[in-house]
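Written below as structure tokens is the structure these notes are about.
The values are calculated or read from the model by the stated rules, or taken from the named source; none is laboratory data. Since the model is a prediction, treat every value here as computed from it, not as a measurement. Using ideal geometry, Cβ is built from the backbone for each residue, glycine included, and neighbour counts are taken over all protein chains shown.
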Amino acid sequence: MPAPTPRRPLDLRLAAALLAAGLFATACGPDASDDAPQAAPVIDQERCDTNAAAGTVTYITGYHYQASVTQLEVIAADALGLFDALCLDVEIQPGNGDVMGNAQLVSAGTAHFTPTSNEAEILQANARDHEIIGIATYGHVPISSLLTGTDIEDLTELEGQTLGHQSMIPAPLEAMLVAAGVDVDAIDQVEAGYDPSVLPRDQIQALTGFRSNEPHQLDAMDEDYTEWLPEDFGVVGSFGVMATNPEWAEENPTVTEDFLRAVAQAFDHCSENGEECVQYAADLDEAGYDTEHNLKVWNTERELVGASTPDDQPNGYIDLALTEQEGETLLDNGALDELPDLEPLFDPRYLESVHVATEVVWPGQE
């Protein structure tokens with residue numbers, strides 16, 4: 001198991017702004033640093049004690065320390081001391097892209113929060129008896145895209161050819177193929193890893209990916225490709241979904257709320273300070289980190305969040321009408337036998353409790 005992520009002092013620029021706004025107090029006493037402000041609790045003692053009593057809260061990233069929505073904000077919230085200010089002891093562990101594996105860990109109580117690529121994966125996880133719920137959905141458009149060579153002019157031409165994916169074809173992409181009249185069973189599906197160069201090398205003829213990631217990588221390689229988007233075929237979708245264990249969340253409501261509160265505060269900060277937040281992620285990566293590429297990932301995804309979030313809703317809002325449409329794509333492509341009751345699987349209470357209208361409420365803020 002990876003070692004706990006080391007804590008860092010509150011960023012000086014953010015600390016100055018927060019101190020000016022009355023959000024943090026400078027810690028005093030023997031443990032306070034002489035050269036950096038520390039995050040003092042901003043919640044009352046009873047809530048602080050309740051959060052602290054929960055012990056270590058484990059968050060598993062979806063894929064290493066990539067600067068994706070629902071990953072970068074968590075990393076930044078930790079680096080900026082926002083979790084500390086809410087008396088949360090958050091341990092960040094890197095995931096390897098195995099969404100269902102992460103879901104199983106959260107369901108078992110081994111971990112407490114993890115992102116999923118879309119709301120459909122919440123349904124698929126529960127169909128596999130991994131009990132998790134979605135508590136925030138940041139993007140309300142499919143993040144998945146299908147990449148092919150420029151010689152593919154119709155998706156039906158993929159029949160008899162090879163399609164690469166990371167662990168499974170994302171539901172929006174399978175729905176897109178079905179909507180395009182493709183016989184999905186006639187496509188040879190293989191796990192292709194995370195190196196998109198297998199596409200221009202013609203090792204595969206199609207590659208699933210994320211529009212914030214692989215297209216930027218192929219552009220950097222100066223490779224030609226065609227990107228196919230699910231919404232162009234009438235397919236709805238989502239991305240940036242935060243998941244947790246429903247029983248654990250019910251037993252720890254203030255922890256769940258304040259985790260989302262810190263993440264929401266960090267999202268706002270990182271929206272204006274992307275390079276700074278990406279550097280926090282780079283600091284955690286021991287194998288080297290492409291900050292330029294990851295900044296593109298973050299900027300692409302946060303822009304999609306903004307474009308797909310109505311003006312009267314907070315970032316992360318849940319729309320069960322859209323969820324139902326996304327779930328129906330699983331029925332259409334045979335990934336689900338029946339659509340479950342959605343309300344127990346997507347709980348907006350925790351997110352709503354830390355917002356007034358569209359603004360996150362930070363304790364002590366005037």
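Identify all residues within region 88-106 that are over 15 Å from the mean Cα position of the chain (by Cα) and either modelled with pLDDT under 95 or surrounded by fewer than 22 Cβ atoms within 10 Å (Cβ to Cβ) (or both); write none if there are none. Asp89, Glu91, Gly101, Gln104, Leu105, listed by residue number.
Filtering Leu260, Leu218, Leu284 for residues that are closer than 23 Å to Ser145 by Cα and among the aliphatic types (A, V, I, L, M) leaves a single hit, Leu218.
The condition (being acidic (Asp, Glu), more than 19 Å from the chain's Cα centre (by Cα) and not assigned by TED's automatic domain parsing to the domain that holds Ala67) is satisfied by just one residue among Glu250, Glu227: Glu227. Among the candidates Asp185, Asp129, the residue that is free of Cβ contacts under 8 Å to residues at least 24 places away in the same chain and not in a loop (DSSP other than H, G, I, E, B) is uniquely Asp185. Taking each residue of region 201-214 that is over 19 Å from Asp151 (Cα atoms) and looking for partners that are among the charged types (D, E, K, R) with beta-carbon atoms closer than 8 Å, six or more apart or interchain, yields Arg211/Glu227; Ser212/Lys296; Ser212/Glu301. Scanning region 20-68 for residues that are surrounded by fewer than 12 Cβ atoms within 10 Å (Cβ to Cβ), at pLDDT below 95 and of a type in the set (A, V, I, L, M, F, W, C) gives Ala20, Cys28. The residue that is nearest to the chain's Cα centre (by Cα), among those in region 69-87 that are at positive phi and surrounded by 24 or more Cβ atoms within 10 Å (Cβ to Cβ), is Thr70.
The residues listed here are Glu73, Glu119; of these, the one that is closer than 23 Å to Leu339 by Cα and either without any contact (Cβ under 8 Å) to a residue 12 or more places away in the chain or outside the structural domain of Gly209 (by TED's automatic domain parsing) (or both) is Glu119. Being within 18 Å of Val263 (Cα to Cα), aliphatic (A, V, I, L, M) and either part of a strand (DSSP E or B) or free of Cβ contacts under 8 Å to residues at least 40 places away in the same chain (or both) is the requirement here; does Ala52 meet it? Yes; evaluated as a whole, the condition is true for this residue. Only a single criterion out of (1) at pLDDT 95 or above; (2) buried (at least 18 other Cβ atoms within 10 Å of the Cβ) is not satisfied by Leu330, namely (1). Whether any residue in region 215-223 is outside the structural domain of Glu131 (by TED's automatic domain parsing), polar (S, T, N, Q) and touching a residue at least 12 places away in the same chain (Cβ under 8 Å) is what I want to check. Yes, region 215-223 contains at least one residue that is outside the structural domain of Glu131 (by TED's automatic domain parsing), polar (S, T, N, Q) and touching a residue at least 12 places away in the same chain (Cβ under 8 Å). Residues that are modelled with pLDDT under 95 and buried (at least 17 other Cβ atoms within 10 Å of the Cβ): does region 122-134 have at least one? Yes, region 122-134 has at least one match.
Beta carbons closer than 6 Å, at least 6 apart along the sequence or on distinct chains, pair a first residue in region 337-366 that is on the phi > 0 side of the Ramachandran plot with a second that is surrounded by 14 or more Cβ atoms within 10 Å (Cβ to Cβ) for Gly364/Leu23; Gly364/Val42. Restricting attention to region 333-366, the residues that are crowded, with 18+ Cβ neighbours inside 10 Å and part of a helix (DSSP H, G or I) add up to 3.
If I filter region 81-89 for residues that are closer than 30 Å to Glu214 by Cβ and out of contact with any Pro (no Cβ under 6 Å at 6 or more places or on another chain), do I get at least one hit? No, region 81-89 contains no residue that is closer than 30 Å to Glu214 by Cβ and out of contact with any Pro (no Cβ under 6 Å at 6 or more places or on another chain). Being surrounded by 17 or more Cβ atoms within 10 Å (Cβ to Cβ) and part of a loop (DSSP other than H, G, I, E, B) is the filter here, so list the residues in region 274-298 that pass it. If the condition is that a residue be surrounded by 17 or more Cβ atoms within 10 Å (Cβ to Cβ) and part of a loop (DSSP other than H, G, I, E, B), then Tyr289, Asp290 are the ones that fit. The set of residues in region 247-259 that are touching a strand residue (DSSP E or B) at 6+ places or on another chain (Cβ under 9 Å) and buried (at least 24 other Cβ atoms within 10 Å of the Cβ) comprises Val255, Thr256, Phe259.
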